[in-house]
1. Going through the range 13-27 one residue at a time, which ones are part of a loop (DSSP other than H, G, I, E, B), among the hydroxyl-bearing types (Ser, Thr, Tyr) and within 17 Å of GLU39 (Cβ to Cβ)?
2. Being more than 19 Å from MET1 (Cβ to Cβ), part of a helix (DSSP H, G or I), at pLDDT below 95 and hydroxyl-bearing (Ser, Thr, Tyr) narrows it down to one of THR109, THR84, THR94, THR103, so name that one.
3. Within the range 45-55, which residues are part of a helix (DSSP H, G or I) and either in contact with an Asp or Glu (Cβ under 8 Å, 6 or more places away or on another chain) or surrounded by fewer than 19 Cβ atoms within 10 Å (Cβ to Cβ) (or both)?
4. Among the residues of the range 56-80, count how many are part of a helix (DSSP H, G or I), within 20 Å of PHE25 (Cβ to Cβ) and charged (D, E, K, R).
5. Looking at this structure, is ALA31 at pLDDT 95 or above, part of a helix (DSSP H, G or I) and under 21 Å from ARG110 (Cβ atoms)?
6. Of (1) at pLDDT below 95; (2) on the phi > 0 side of the Ramachandran plot, LYS2 satisfies all except one. Which?
Amino acid sequence: MKPSERIINEMAQGLLSLEEGVKWFTSLEEADKKEVLREIGRYAMQAHITTRDGREGVAKSGVKPTMTPAVLIVREPILDRMATIINLPAAEYTKAFRVLISTFSVADTRRRETECRGACTHEWHNLE
């Protein structure tokens, strides 16, 4: 498991706080930040995120609901909106990270409570 995968999944499971994750994210080079956003986007899609997850994620993210990533994550079609968020200008990366990781956390929690309940073999769901 690569370091970013572990950090993202620890954040999604509440083992690492949003603020600790943001500190880590902001320490990365710009190209690495973009790759982390892509990575979260892939994980979020695997968790079958919904616009409802997006609304809950925005509420947890600390990003104003009027900011671009927050506006996009609550609109359909979600796949297109995710791509738009990932491709926002670098000045938006930290807000995008907050929104994406918070939304992924909501979707991943839902999935762990339904599909993975009691018998999960996903390595990233067994970090504790």
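The values are calculated or read from the model by the stated rules, or taken from the named source; none is laboratory data. Everything numeric in this text was worked out from a predicted model, so none of it was measured. Backbone-built Cβ (ideal geometry, glycine too); neighbour counts: all protein chains shown.
1. Once the filter is applied, which keeps residues that are part of a loop (DSSP other than H, G, I, E, B), among the hydroxyl-bearing types (Ser, Thr, Tyr) and within 17 Å of GLU39 (Cβ to Cβ), the range 13-27 yields only SER27.
2. THR109
3. MET45, GLN46, THR51, ARG52, ARG55
4. 1
5. In short, no.
6. The number of the failed condition is (2).
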